[in-house]
1. Sort V157, V45 by Cβ crowding within 10 Å, fewest neighbours at the top.
2. By the scheme Lys and Arg +1, Asp and Glu -1, what is the net charge of all other residues having a beta-carbon under 13 Å from that of G218?
3. Give me the Kirkwood hydrodynamic radius of region 6-249 in Å, from all C-alpha pairs, to one decimal place?
4. Quick one: length gained pulling R235 to R70 fully straight, 0.36 nm per residue minus the C-alpha distance?
5. Computed over the Cα atoms, what is the radius of gyration of region 138-178 divided by 2.2 N^0.38 Å, N being its residue count?
6. In nm, give the distance between the simple-model label positions of A116 and A227, each being 7 Å from the Cα along the Cα-to-Cβ direction.
7. Would you mind calculating the gained length between V157 and L100 on full extension (0.36 nm times residue separation, minus the Cα-Cα distance), in nm to one decimal?
8. Could you state the per residue volume, in Å³, of the convex hull enclosing the Cα atoms of region 24-136?
Amino acid sequence: MLHNNSQATDAANLQLGLPWSRADLHIHTTHSDGAASVPELLAHVAAHTDLRLIAITDHDSIAGAPLATRLARDFGIEVVVGEEVSTADGHLLALFIDTLVPPGRSAAKTIAAIHAQGGLAIAPHPFDRSVPSLGRAGLDHAGWDFDAIEGFNAGIVWWQRGSNRTAQRAAARMGLPLVGGSDAHALATAGLGYTLFPGAGANDLYRAIQAGQTDWGGQYWSIGQYAEITYRLIRQHSLLGALSMAAADAGLIASHQ
C-alpha cells in the first residue's frame, strides 16, 4: 500500500534531476525490545531490501549506535543515530542525535533537549492507543515543536490502523511534514514502512525533513510477522521476559532498559 502522493512527488523530483530514495526511520534491535542484533539487521537490510538509509531507534537507548555506524559502510548502508524516548507524555522519536536523550521528562523538555544537540523530534504513532502515544490529549501543546509526524507506522495493530489517517490529518492541519517507518522489531518487518525524500544520504534526509519535502509509503505487518516476532522474543527472553517487554512497551510497567 503506497501513499497516493508518492508517485506525484517522485515525478516532480525526477524533473528536478533528484533521485527518489527511501529510508526506514523506526527500527528496534536487541539493544531494546527488538529480536535482531545490529549486524543481523544491517546484513538483512543490505541483502533483502532496497534501503540504503535507516535509523536505529531503540527504546531509551543508543547503545547499538556506535557499532551500527562502524559497521554500516561494510554493508553499503548509512545509519542515522536515533532513539525512541519514553517521555512522561508518550513515545517520541529523536533522530540525528549524538548522546542519549534521558527518558521520563516532559515532551516539551525532551524536544528541547533533542534540538539542543541538533537533532530532529518526530511524533511516532501519535494516535495509537495501544502504546504510549503523544496524541492522547492532542498534539497542540506549548513547547511541542515537532519537526515531523509519523504518518505511517507499519506495526500498528489492525484495530488501531485508523490512527495513521488521524496522524496524517493532524500533520496537514499543523503544517508539518509526514514520515513513515516500519517500527520493526524483527528482520522480516524492516523496511515495510518508509520515508520518501529527495536525495540519497542522511544529510539529504535531514534537509528534506526540515524543508517539509518528505512523504511516506509501505504496507502493514502481516499476522504471520506478528507471530514470528512473538516467537523470537520468547526464545530470546523466555515467555515471562517477552511479556514484560511487551508490557513496558505498552506503558503498563516501567522500563529499565
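No value in this document is a laboratory result; all are computed from the given coordinates. What you are looking at is a predicted structure, and each value in this text was computed from that prediction instead of being measured. Every residue, glycine among them, receives a Cβ derived from its backbone with ideal geometry; neighbour counts consider all protein chains shown.
1. Fewest-to-most Cβ neighbours within 10 Å comes out as V157, V45.
2. The answer is -3.
3. One over the average 1/r among Cα pairs gives 17.7 Å for region 6-249.
4. 56.6 nm
5. Working it through for region 138-178, the quotient is 1.19.
6. Here the answer is 4.8 nm between the modelled labels.
7. Full extension from V157 to L100 adds 17.6 nm.
8. 95
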